[in-house]
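J.: Structure below; questions to follow.
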Amino acid sequence: MSLKETLMADLKLAMKEKDTIRKNTVQMVRSAVLQYEKDNKTELDDNGVIDVIAKELKQRRDSLPDFEKSGREDLVENLKKEMEVLMAYLPEQLSEAELEEIIKAAIEQTGASSIKDMGKIMGIVTAQTKGRADAKMIGSLAKKMLS
């Protein structure tokens, strides 16, 4: 079953169970996928859908601190639940130790020695960890290892 079919099945299930957060989150992902397909006149495969889901998850992660600062606990809780729903569709996330190994291999492969070489490392690592790691975490670990 493709990821699109899984999303549709989960949407139907969420509607039956009256789980509004799951229903709204899945609808949002499906509309983002459809919008991408219309804009680019292409049909997304599972990897493309994972990219869209990762982008939506990143938007929520970026919004979370703003909601916490403004004291909107109701929105913070909903956002965390949405993030849990989105995480369920992504591949298993890499641990920090696994990421460090991948970054270390990329540093050796490129011969990087300073933060100026960060772009080379990020290109290699993000390609290898697509959908399985947050780019901010990759960036911070790479900076730590290069300095």
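J.: Under 7 Å between Cβ atoms, at least 6 apart or on separate chains: pull out the pairs that start in the range 26-49 with a residue that is touching a residue at least 24 places away in the same chain (Cβ under 8 Å) and end on any residue that is of a type outside the set (S, T, Y) and assigned to a loop (DSSP other than H, G, I, E, B).
T.: V33/L44
J.: While we're here: Just wondering, is there one or more residues in the range 77-94 that are within 14 Å of the chain's Cα centre (by Cα), free of Cβ contacts under 8 Å to residues at least 12 places away in the same chain and open to solvent by 70 Å² or more (accessible area, probe 1.4 Å)?
T.: Looking for residues that are within 14 Å of the chain's Cα centre (by Cα), free of Cβ contacts under 8 Å to residues at least 12 places away in the same chain and open to solvent by 70 Å² or more (accessible area, probe 1.4 Å), one finds at least one in the range 77-94, hence yes.
J.: Return the residues of the range 95-111 that are open to solvent by less than 70 Å² (accessible area, probe 1.4 Å), in contact with a helix residue (DSSP H, G or I) (Cβ under 7 Å, 6 or more places away or on another chain) and not hydroxyl-bearing (S, T, Y); say none if nothing qualifies. Write out each step before concluding.
T.: So in the range 95-111, the residues open to solvent by less than 70 Å² (accessible area, probe 1.4 Å) come out as 95, 97, 99-100, 102-103, 105-107, 110-111.
Applying the additional criterion that residues be in contact with a helix residue (DSSP H, G or I) (Cβ under 7 Å, 6 or more places away or on another chain) yields 99-100, 102-103, 106-107, 110.
Answer for the range 95-111, where residues must be open to solvent by less than 70 Å² (accessible area, probe 1.4 Å), in contact with a helix residue (DSSP H, G or I) (Cβ under 7 Å, 6 or more places away or on another chain) and not hydroxyl-bearing (S, T, Y): L99, E100, I102, I103, A106, I107.
J.: Which residue is modelled with the lowest pLDDT, if the candidates are limited to the range 112-132 and must be of a type in the set (A, V, I, L, M, F, W, C) and either exposed (fewer than 13 other Cβ atoms within 10 Å of the Cβ) or over 23 Å from N47 (Cα atoms) (or both)?
T.: Going through the qualifying residues, I end up with A112.
J.: If you take the residues of the range 1-11 that are without any contact (Cβ under 8 Å) to a residue 24 or more places away in the chain and assigned to a helix (DSSP H, G or I), which of them is least open to solvent (accessible area, probe 1.4 Å)?
T.: So in the range 1-11, the residues without any contact (Cβ under 8 Å) to a residue 24 or more places away in the chain come out as 1, 5, 8-11.
If we keep only those that are assigned to a helix (DSSP H, G or I) too, we end up with 5, 8-11.
Details: E5: 101, M8: 67, A9: 45, D10: 40, L11: 10 Å².
If we take residues in the range 1-11 being without any contact (Cβ under 8 Å) to a residue 24 or more places away in the chain and assigned to a helix (DSSP H, G or I), then L11 is least open to solvent (accessible area, probe 1.4 Å).
J.: For E68, state whether it is charged (D, E, K, R), loosely packed, with under 14 Cβ neighbours inside 10 Å and in contact with a helix residue (DSSP H, G or I) (Cβ under 8 Å, 6 or more places away or on another chain). Talk me through it step by step, then tell me what you get.
T.: Details: charged (D, E, K, R): yes; loosely packed, with under 14 Cβ neighbours inside 10 Å: yes; in contact with a helix residue (DSSP H, G or I) (Cβ under 8 Å, 6 or more places away or on another chain): yes.
For E68, the condition - charged (D, E, K, R), loosely packed, with under 14 Cβ neighbours inside 10 Å and in contact with a helix residue (DSSP H, G or I) (Cβ under 8 Å, 6 or more places away or on another chain) - is met.
The values are calculated or read from the model by the stated rules, or taken from the named source; none is laboratory data. Note that the coordinates shown come from a computational prediction; the quantities given were computed from them, not determined experimentally. Positions of Cβ are generated from backbone atoms using ideal geometry, with glycine treated the same way; all protein chains shown enter the neighbour counts. The protein model used for the area step is the full one, side chains on, heavy atoms only, and it has no ligands, DNA or RNA in it. Shrake-Rupley method; radii C 1.70, N 1.55, O 1.52, S 1.80 Å.
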